[in-house]
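> Here it is, the structure, as C-alpha cells.
The values are calculated or read from the model by the stated rules, or taken from the named source; none is laboratory data. In this text, all values refer to a predicted model and were calculated from it rather than measured experimentally. FYI the Cβ positions are ideal-geometry reconstructions off the backbone, even for glycines, and counts take in every protein chain you see. Each accessible area value is taken on the protein alone, full model and side chains, heavy atoms only, with ligands, DNA and RNA left out. Shrake-Rupley method; radii C 1.70, N 1.55, O 1.52, S 1.80 Å.
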Amino acid sequence: MVSSEDIGRLVIVVAGGLAFAAVGVVLFVLFPTTLADLLGVLLALAVALVGVRFAGSAAGSLFPGYNVAEVAVEGPITRDGGGSRFPSSPGSTPADDIVDQIERANDDENVQALLLKLNTPGGEVVPSDDIRLAAKRFDGPTVAYTTDVCASGGYWIASGCDELWAREGSIVGSIGVIGSRINASDFAEKVGLSYERFAAGEYKDAGNSLKEIDEDERAYLQGLIDDYYDTFVERVSDGRDLEPEFVRDTEARIYLGEQAYDMELVDHLGTRREIETELADRLDTDAVTVEEFEPERPLMARVGAGAQQVAYAFGAGIAGLGDGRGFRLRS
C-alpha cells in the first residue's frame with residue numbers, strides 16, 4: 001500500500017529532476033551556440049542528476065520515511081572504542097559515538113521514540129553510565145531490547161530506558177563490577193627485572209603488576225570496587241523499580257531471558273516485530289518505520305578504523321598480553 005508520504009516524496013523527486021533538467025538544457029544546449037550538442041546534453045544530464053539528489057534530500061525532510069530511531073550498542077563498551085595502547089577489538093562500542101547518535105535522534109523532529117539495541121557483555125563503568133544518561137534524557141518512549149547478550153554495563157544502560165525486551169534465550173544480568181591485575185612480580189624477578197618506586201602518595205602505584213600487592217592496597221582497591229557496585233545497584237534499583245537487596249541477591253549471575261522475565265529483570269519477551277507493533281500502539285499509528293542512526297565520521301576516520309581492524313587481526317595476541325599491565329576496572 002502506497003502512503004501519502006511516499007507519493008509526496010516521489011512527486012518532489014520527479015519535479016526536482018525535471019526542473020533541473022530543464023535548467024541544464026537551457027544553460028548548456030539552447031543558450032550556447034558554440035558548444036557541441038552532445039556535450040550540452042551530457043552537461044544537462046549531470047545537472048539533472050544533481051537536481052534529483054537535492055530534490056531527494058528535500059523530499060526526505062518534508063516527508064520523512066521514519067518515526068523511530070534505532071541506536072545499537074554492540075561489543076565491549078569503552079570511551080572511544082579503544083581501551084589500550086594496542087589495537088582493540090573492532091567490535092567494541094565507542095560510548096561517545098553512541099551518546100552522539102542518541103542526541104541526534106533526540107534533536108530530530110521526525111523521531112518520536114528510541115529503540116536501543118543492546119548486544120554487549122558490558123565494559124567500562126563511566127562510559128556505560130554516559131549512554132544510560134543519554135537514553136534517560138531522550139524526550140519520548142525509550143525501549144531497550146536484546147537478542148543475544150545484555151550483561152553488566154549493558155544492563156546498566158538498560159536501567160535508563162522505559163522498558164527492556166529480550167528473547168527467551170537471551171543472556172541478561174551480571175549486575176556487578178570487577179577489577180583485575182596480573183601479578184608479574186615473580187616473572188620479573190626471574191628475568192632480572194626489578195621495580196623501583198618513585199611516587200608521591202601512598203597508593204599512587206596501587207595495583208602495579210610488577211610488585212606484590214599488600215593488604216592495605218588490596219583493601220583500598222576492593223573499596224573502589226564496592227563503591228562502584230553500590231552505584232550500580234542504585235542505578236538498577238531506581239531505573240528498574242527493584243529492591244536494592246533483590247539486586248544484590250542476584251550476585252552478578254547471568255540469566256536466560258525467560259528466567260530474567262520471571263524475576264522481573266526484563267519487562268517483556270518478544271521479537272523485534274512485536275516490539276514495533278507495541279511501539280505503533282503507543283504512538284497511536286498504524287505502523288512504525290525505524291531509521292538506524294550511525295556515527296558521523298569523516299572519510300579519514302573510516303580509513304583509520306579499517307586499518308585498526310587489520311592491525312587487530314594481525315596482533316590480537318600481543319594486544320591481549322599488553323593489556324593487563326595494571327589494575328583494570330570494568331562492569
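> Return a yes/no flag: does the stretch 176-183 have any residue that is under 21 Å from ASP262 (Cβ atoms) and open to solvent by less than 60 Å² (accessible area, probe 1.4 Å). Walk me through it before giving the result.
Quick first cut of the stretch 176-183, residues under 21 Å from ASP262 (Cβ atoms) only: 176.
Narrowing the set further to residues that are open to solvent by less than 60 Å² (accessible area, probe 1.4 Å) leaves 176.
There is at least one residue in the stretch 176-183 that is under 21 Å from ASP262 (Cβ atoms) and open to solvent by less than 60 Å² (accessible area, probe 1.4 Å).
> Could you grab the pairs with beta carbons closer than 7 Å, sequence gap of 6+ or different chains, first residue in the stretch 219-235 and in contact (Cβ under 8 Å) with a residue 40 or more places away in the chain and closer than 13 Å to ASP129 by Cβ, second one aliphatic (A, V, I, L, M) and part of a helix (DSSP H, G or I)?
Pairs found: TYR228/VAL125.
> Hey, among LYS190, LYS117, LYS136, which residue is basic (Lys, Arg) and touching a strand residue (DSSP E or B) at 6+ places or on another chain (Cβ under 6 Å)? Don't jump to the end; show me each part of the working.
Values: LYS190 fails: touching a strand residue (DSSP E or B) at 6+ places or on another chain (Cβ under 6 Å); LYS136 fails: touching a strand residue (DSSP E or B) at 6+ places or on another chain (Cβ under 6 Å).
Being basic (Lys, Arg) and touching a strand residue (DSSP E or B) at 6+ places or on another chain (Cβ under 6 Å) holds for just one of LYS190, LYS117, LYS136, which is LYS117.
> Further question: For the stretch 80-100, which residues satisfy the criterion of being modelled with pLDDT under 90 and among the charged types (D, E, K, R)? Walk me through it before giving the result.
Keep residues of the stretch 80-100 that are modelled with pLDDT under 90, which gives 80-93.
If the condition is that a residue be modelled with pLDDT under 90 and among the charged types (D, E, K, R), then ASP80, ARG85 are the ones that fit.
> Return the total of residues in the stretch 154-189 being part of a helix (DSSP H, G or I) and at pLDDT 95 or above. It would help to see each step written out before you state the result.
Initial filter on the stretch 154-189 (part of a helix (DSSP H, G or I)): 154-158, 185-189.
Adding the requirement that they be at pLDDT 95 or above leaves 154-158.
Residues in the stretch 154-189 being part of a helix (DSSP H, G or I) and at pLDDT 95 or above: 5 in total.
> Only one of ARG235, ARG273 is surrounded by fewer than 18 Cβ atoms within 10 Å (Cβ to Cβ) and of a type in the set (Lys, Arg). Can you tell me which? Give the steps one after another, and end with the answer.
Numbers: ARG235 fails: surrounded by fewer than 18 Cβ atoms within 10 Å (Cβ to Cβ).
Within the list ARG235, ARG273, the selection yields ARG273.
> May I ask you to verify whether TYR155 is farther than 30 Å from ASP107 by Cα and open to solvent by less than 80 Å² (accessible area, probe 1.4 Å)? Spell out the reasoning first.
Numbers: farther than 30 Å from ASP107 by Cα: no; open to solvent by less than 80 Å² (accessible area, probe 1.4 Å): yes.
The answer is no for TYR155.
> Output the residues belonging to the stretch 143-158 that are farther than 13 Å from GLY173 by Cβ and out of contact with any Cys (no Cβ under 8 Å at 6 or more places or on another chain). Show your work before the answer.
Narrowing the stretch 143-158 to residues farther than 13 Å from GLY173 by Cβ: 143-145, 147-148, 157.
Once the filter is applied, which keeps residues that are farther than 13 Å from GLY173 by Cβ and out of contact with any Cys (no Cβ under 8 Å at 6 or more places or on another chain), the stretch 143-158 yields TYR145, THR147, ASP148, ILE157.
> β-branched (Val, Ile, Thr) and within 30 Å of LYS136 (Cα to Cα): which single residue out of ILE182, ILE225 fits that description? Walk me through how you get there before you give the answer.
Numbers: ILE182 fails: within 30 Å of LYS136 (Cα to Cα).
Exactly one of ILE182, ILE225 is β-branched (Val, Ile, Thr) and within 30 Å of LYS136 (Cα to Cα), namely ILE225.
Table: residues versus (1) surrounded by fewer than 11 Cβ atoms within 10 Å (Cβ to Cβ); (2) over 22 Å from the mean Cα position of the chain (by Cα); (3) assigned to a loop (DSSP other than H, G, I, E, B).
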| site | (1), (2), (3) |
| --- | --- |
| GLY201 | yes, yes, yes |
| LYS204 | yes, yes, yes |
| ARG218 | no, yes, no |
| GLU245 | yes, yes, no |
| TYR261 | no, yes, no |
| GLU264 | no, yes, yes |
